[in-house]
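One structure below.
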Amino acid sequence: MKKVIIFGGTTEGRRLAELLVKAKISCIYCVATEYGKQPVMESDYLRIHEGRMDASAMTELYQQQEPDAIVDATHPFAEIVKEEIANSIFAYDKEVSFFRLARDEEEGLDLSNCYFFNDIEECIRALKNTSGRVFLTTGSKELKAFCEDEALRERVVARVIPSEESLKICYDNGLKGNQIIAMQGPFTAGMNLAFLKECEAQVLVMKEGGKSSGERERIVAANKLGVKVFILKRPEEKMQAMNFSQVKAALFDLFGVKEDTNDITPDKKLAVTLAGFGMGFGSITSEVQTAINQADYIFGASRMLVGIDRNCKKYPYYLAKDIVPVLEQLADEIKFGQKKVVVLFSGDTGFYSGTKRLLAEIEKLSFCSVKVLPGISSISALAAKVNESWQDGKIISTHGVEESKWKPELIEAVSFNEKVFVLTSGVADVRTIGEMLMELSQKNQYKLQIYAAVNLYSNEKIITMGPEKCSSFNEEGLCTLFIKNVNANSKPCAPGLSDDMFIREQVPMSKEEIRELSICKLRPKKNSVIYDIGSGTGSVTVELGLLDASISVYAIELKSEACSLIRKNLAKFNLNNVKVIEGTAPDALEGLPVPTHVFIGGSAGRLEEIIGALKALDNDIRVVINSVTIETSTEIFNVLKKHQIKDADIVQVGVAKAKKAGDYSVMQGQNPVYIVSFKL
């Protein structure tokens, strides 16, 4: 049987024992006191040996247990114990692998406020030359030396572990109750800061304990307050020592253990699984069910927790802001070992799920490991129930999204896709969608069929209906929609509306070829915010709005009759991602979102002011300006020169279109147009 004896009482010793236990290697974990064993829990593979031993007692233990390896993971300052362990190894008459586990040193600390001493006597002499309170964090064993001088003793506030032995030493050496802080670590920098402030310390005394000793947290706190730090140097190792990783690797090699096959994460107190719950029981994957069966703590919406009979602590939380504080509290309570946490999310973890936000928060927590398990989404479930594929469908979520954001996207999706799946927030969203689909269907003669999956997790219903019934929908609960449009339009991939498609009346309009070229020069992208200044009929605005529902267009026009015409064209093309702003730029731009792109078809003689206002926004803005008159062209060139815009692209376009003259076609020229594009 594989067996290791560990002389512990340190963080490293406990971590190493945890690793070996997970690898099913038996451990005898040796500690000197009752307090030392408190963070450790016995198990089938771990037995605790409590009590101080000399070399003889240690050798007797080896003879009884016949270990394959012995590890000295005692404190760097435990000189007497280390000496006894060394003697016991020498006295043991059998060959055994021995390792001295030395704690890693802290790196990257600001030590400008620190003073190092070879021994306690040297440190005490230096303390006598200081004034004010001394915050002593060296432990109870060295306390006697610091209390022998009465004047120094009166200045001391000692922080010790909360054991009877430690408190007795404090009282035996003349310390009063208000000079004793009996608390168990670890202590954060913030806690150390509070202690130093409370006792008004001028000097902090500590040992050079290295990593896991709280050395960094104490020095950081002292530096913030300008408190001097007196540090007792770590004794030199008399035997060849190895760090934690080296000892772990050596033991695993000795026993033929591969770490990556044992899921060993010694620094992680909580193993968190973010799991897709599907639509509930019956749709949970076996992988997720196994995680639930093994969980020590389970989080999720109340409806998910109701049917779980796992005997463990359950929390009805699914938001990161509620879950993270509980995880922090649980980690503080775990002294040894690792606990398993499962957080349940409806549907699939990678599909419009709260998983993304919680995962980002948990990855910041040093005490957590995390993995994600998928589930079955309501979209795939609904598609299967109505015998449809969903790979070729458009998917939209209205859940928790403002109507002004999802409505343009949904109108576009239904207009240009045969299949649209919608995750909703419930009955109110479904009714709004029904009203929208009624209007859309009437305008475009669409043949729409709607399938609603209600409460797929419990008492599910699949309802088939048209837009009118959808607008009066009255089924409460979670609802997913599938909208089928058998005569959906094909969406154009570039601007290309002919001039006769717009309602024009007497308002000027950018001609078709100029409009298309100008939009290509503007180079809009998904989620662009675009100003169309001097919109006229709104032809450029409409073309931009039709490119993608994620684009937001602001049509700025000073003439009220033109604004009215723009609204008519927006209604004709079912556009909901455009806002009409009646007024003159740049005044009318105030309060609008910062643009990514600006098209200027007319400036009312205020081009220089407009460019100045846009430049002041200090954003990466692409600008395209059209000019027909010589005066406007001259104004453009002056503005380019004044604002030192040197990379402007200037194109003069002359368009001639054929016009029938009897049996012949005659080319009829249009006014040449300057198209100027540049970045601010």
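What follows is calculated from the coordinates using simple rules that are stated; it is not laboratory data. If you're wondering where the values come from, they're calculated on a predicted model, not measured in any experiment. No Cβ is skipped: glycine too gets one built from the backbone with ideal geometry, and neighbour counts run over all protein chains shown.
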Q) Past the 32 Å Cα-Cα mark, which pairs from LYS559/LYS679; LYS511/LYS615; LYS3/LYS313? A) LYS3/LYS313
Q. What nm value, rounded to one decimal, do you get for the distance between ALA571 and GLN64 when each label is placed 7 Å out toward the C-beta?
A. 9.4
Q | Relative intensity, log₁₀ I(q)/I(0), of the range 533-589 from a Debye sum that treats every alpha carbon as a point, q = 0.19 Å⁻¹ | A | -0.56
Q: For the range 379-485, give the share of DSSP beta bridges that are antiparallel, in percent and rounded to the nearest 5; count only bridges with both residues there.
A: 80
Q: Take the alpha carbon gyration tensor of the range 114-232, find the square roots of its eigenvalues, order them as a ≥ b ≥ c, and report rounded if a/c is under 1.5; if not, report prolate when a/b exceeds b/c, else oblate.
A: rounded
Q) Could you give the length gained on full extension between ASP172 and VAL306, defined as 0.36 nm per residue of separation minus the Cα-Cα distance, in nm? A) 42.6 nm
Q) What is the spin-label model distance, in nm, from LEU617 to LEU111 if the labels are put 7 Å beyond Cα along the C-beta direction? A) 5.4
Q | Equivalent ellipsoid semi-axes - Cα gyration tensor, the range 270-376, angstrom | A | 20, 15, 12
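I'd like the antiparallel share, as a percent to the nearest 5, of DSSP beta bridges with both residues in the chain.
On the way: 36 of 116 bridges.
Taking every DSSP beta bridge with both residues in the chain, the antiparallel ones total about 30 percent.
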Q) In Å, what Rg and Dmax follow from the Cα atoms of the range 381-470? A) 12.7, 38
Q | Cβ-derived FRET efficiency at R0 56 Å, LYS525 paired with ALA384, nearest 0.05 | A | 0.95
Q: Report, ordered by chain and residue number, the aspartates and glutamates lying within cross-link reach of LYS521, taken as a straight Cα distance under 16 Å and ignoring same-chain residues fewer than 8 apart.
A: GLU512, GLU513, ASP532, GLU543, ASP620, ASP647, ASP649
Q. Under a 5 Å amide H to amide H cut-off, with H placed in plane at 1.01 Å, what residues pair with CYS27 once short-range neighbours are removed?
A. VAL4, LEU46, ARG47
(Q) For VAL156, what residues show an amide H to amide H distance below 5 Å, using hydrogens built from the backbone and excluding near sequence neighbours? (A) VAL134
Q: For n ≥ 4 DSSP H runs only, could you compute -39500 (n - 2.57) per run for the chain, divide by its residues and tell me the 222 nm figure to the nearest 500?
A: -10000 deg cm²/dmol
Q) Given labels modelled 7 Å from the Cα in the Cβ direction, how far is it in nm from CYS493 to ARG357? A) 3.7
Q: Search the structure for amide H atoms under 5 Å from the amide H of LEU365, placed 1.01 Å from N in the peptide plane, and list their residues when 5 or more places away or on another chain.
A: none
Q | Residues SER552, SER26, sorted so that the one with the fewest Cβ neighbours within 10 Å comes first | A | SER26, SER552
Q: Give the value in nm², to one decimal: projected area of the alpha carbon convex hull of the range 420-520, averaged over all directions.
A: 9.0
Q) Among the DSSP beta bridges whose two residues both lie in the range 270-376, what percent are antiparallel, rounded to the nearest 5? A) 5
Q: Over all alpha-carbon pairs in the range 499-679, figure out the percentage whose distance exceeds 29 Å.
A: 19
